[in-house]
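Heads up, the thing below is written out as structure tokens.
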Amino acid sequence: MLTYALYTIVAVLVAILATISIWSPRTVRVKLAALTVSAAMMPAAYAGFSELLSKPKPVELEWMARQVAEADVVAADMQEGEAIYLWLKYPGSTSPRAYVLPWSEEAARQLHGAQQKAEQEGSGVRMGKPFERSEDEDEPMFYATPQQSRPYKHAETADPVEVARPEKGFGHR
């Protein structure tokens, strides 16, 4: 939806510039050149936005979600020496988004370790402070989410109040 809004804004701005060029006190040749450039701008903007939709965004360019403290790593692909490609889902987002991190041996090692631990434990992988560069090397960038503890089960009793009173003992009336 945001892409359509951005394209609409570009289209309105180009239309305003075309209107200004038509009413400016210039020769007809200059006005036609301005209109031609304005007309060519529309498909170029559409193609540019469409192309950007299929590319992962560098995390350094994320400005709308800067305050996000952590995000779930839905998928990851590491291209050694090139980049780390991530699909992140953060709180408040409706769907995962594609991002790219510059290649870092340490980040790749952390991500790989977190993926292995998450697979062993049956949990997921999280990324801490995904859109902020931290100089703190003690805090891992990637980590396996802790296993969810199973819900506590209460013993079946005739009187539910007795479960809340440990001084009476368990199961004694």
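Numbers for the structure displayed
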{"quantity": "Evaluation of Glu119 against (1) in contact with a Ser or Thr (Cβ under 9 Å, 6 or more places away or on another chain); (2) loosely packed, with under 13 Cβ neighbours inside 10 Å; (3) at pLDDT 90 or above; (4) not hydrophobic (A, V, I, L, M, F, W, C) (one fails), failing number", "calculated": "(1)"}
{"quantity": "Residues that are surrounded by fewer than 18 Cβ atoms within 10 Å (Cβ to Cβ) and touching a residue at least 24 places away in the same chain (Cβ under 8 Å), drawn from the range 64-77", "calculated": "Ala65, Arg66, Ala69, Glu70, Asp72"}
{"quantity": "Test: residue in the range 151-169 that is at positive phi and at pLDDT 75 or above", "calculated": "no"}
{"quantity": "Yes/no for Tyr46 being outside the structural domain of Val125 (by TED's automatic domain parsing), over 30 Å from Glu132 (Cβ atoms), assigned to a helix (DSSP H, G or I) and not basic (Lys, Arg)", "calculated": "yes"}
{"quantity": "Evaluation of Asp72 against (1) within 30 Å of Tyr4 (Cβ to Cβ); (2) out of contact with any Phe, Trp or Tyr (no Cβ under 8 Å at 6 or more places or on another chain); (3) of a type in the set (Asp, Glu) (one fails), failing number", "calculated": "(2)"}
{"quantity": "Number of the condition not met by Val73 [criteria: (1) closer than 19 Å to Phe131 by Cα; (2) outside the structural domain of Pro140 (by TED's automatic domain parsing)]", "calculated": "(2)"}
{"quantity": "Flag for Trp103 being surrounded by 11 or more Cβ atoms within 10 Å (Cβ to Cβ) and either more than 25 Å from Pro146 (Cα to Cα) or assigned by TED's automatic domain parsing to the domain that holds Glu132 (or both)", "calculated": "yes"}
{"quantity": "Of all residues in the range 1-36 being part of a helix (DSSP H, G or I) and charged (D, E, K, R), the one that is surrounded by the fewest Cβ atoms within 10 Å (Cβ to Cβ)", "calculated": "Arg29"}
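Residue by residue, here is whether (1) farther than 19 Å from Thr145 by Cβ; (2) among the polar types (S, T, N, Q) holds:
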| position | (1), (2) |
| --- | --- |
| Val10 | yes, no |
| Leu13 | yes, no |
| Leu35 | yes, no |
| Ala69 | no, no |
| Asp72 | no, no |
| Gln79 | yes, yes |
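The values are calculated or read from the model by the stated rules, or taken from the named source; none is laboratory data. Everything numeric here is computed off the predicted structure, so don't read it as measured data. Every residue, glycine as well, gets a Cβ built from its backbone with ideal geometry; the counts of neighbours run over all protein chains shown.
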